[in-house]
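Only one structure is covered here, and it is reproduced in the block below.
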Amino acid sequence: MLDFVQNIISDLNIGPTATQVGLVIYSNNARIEFLLNRYNNANDMTTRIMTPTQQGTLGSYIGGTTNTAEGIQYARTQVFSTGNGARSSAAKLMIVLTDGESNVNPDQTIPEANAARAAGIEIMVVGVTDSINLDEIRGISSDPRNENENWWRSPDFNQLSQIELQITSTVCSTGAVATDNLYCRPTCCYGTICHCVTDTAQGVYPVNGTSCTDNNECNEDNGLCEDQCINTDGSYYCTCPSGYELGQNNRECEDQNECNNPNTCASGYVCVNTWGSYHCLQGAFAAASIGMDPTLGVGTVAATTSSTTNLVGIVVALALALVNVAVLGLLAARFVRRRRAQEPAAAPSGAFRAEAGTVRSFNSLVSKFGSAVDVDSISTVSSISS
């Protein structure tokens, strides 16, 4: 088993900017032998692996049960941590070597493997002897979970060398890194796919190339931000000026009511919220300005606002009433004019009575009263034929 580990390391380019290797052994419990940033070259690392030491350390078989879950957990949480040498720009690969199925916390083995994959760690598994549980081996490995691609089996440790080259070939293709913010991995159906590392919750995005270039979303419509758009690697976010806060869509700015905090204004002052700001008014001035009793304190602003609103409502109601009266007066006058226009003309009497098809004119007054009547003082109308 130690020869197998040494041979794999010998096939890799070991260095602080190349491939880094850490090692965890597990039996009853897991134990970290060395971390990713412990050795900077393959010679020091293989010497450490192949030199037997005192009982209970690397080089001595420790025996016991099979606690695969804890071994995976130690690798995920401690070996692959930034403080121990893990790099965000490098692919993360875990090779699990086991000669049997889990018998310590076996129900945690697959969940621990799932947690490792969720953290961006690819897992390859090598099962040795016929005591392994194939379902567990496949469940620990990453997609597509194909034999001789993501997991292998060997009848005994002496034949591990036969699959060594297959594993190192897969390790190298998985660990291909083109730039600091790109990593690649093989897939079942589409060859090697590369991903861009970003600062978003999703973490990576697939690209059709070998380099990652940030797309500045703020260059297009300000990222749909109402105020300022801040670009980041692989993402962006919106901000609002002082006195405002982002709405539910994380783009528009809404007024921040500072008066909701009872400590915004000092004691004896009334907090009045305004659009994008607020004012602290002294009690006496506030009472004169908005009609409140200064002895009532901060909690009376709502009541004062209600009183002011009622007064405005009364004024508006009176104005509407006057408008209604004016409209009714105009309608009444119009109705009277129409009634008068529809009434028949009154029948003439006396000298103005129609007879024999004619209407007598004022000219007939001369013949009736003689020349004593001053005709020039009376306008005359000629007879009108009927």
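What follows is calculated from the coordinates using simple rules that are stated; it is not laboratory data. Predicted model, so just to flag it, every value in this text is computed and none were measured. Here the Cβ positions follow ideal geometry from the backbone for every residue, glycine too, while neighbour counts run over all protein chains shown.
Things to note:
- Stretch gain in nm, segment N263-N13, where the contour uses 0.36 nm per residue and the Cα spacing is subtracted: 83.8 nm
- Rounded to the nearest 20, the Cβ-based charge dipole of region 2-175 about its Cα centre (Lys and Arg +1, Asp and Glu -1) stands at 640 debye.
- Rg/Rh for region 2-175, where both radii come from Cα atoms and Rh is the Kirkwood radius: 0.92
- Interchain or long-range residues, amide H under 5 Å from Q282's placed H: V270
- Close amide H contacts of I95 (hydrogens built in the peptide plane, cut-off under 5 Å, sequence separation of 5 or more or a different chain): M124.
- Shown in residue order for region 119-127 are the 3J(HN,Hα) couplings computed by the Karplus curve 6.51 cos²θ - 1.76 cosθ + 1.60 at θ = phi - 60°: 8, x, 9, 7, 10, 10, 10, 10, x Hz (x for Gly and Pro).
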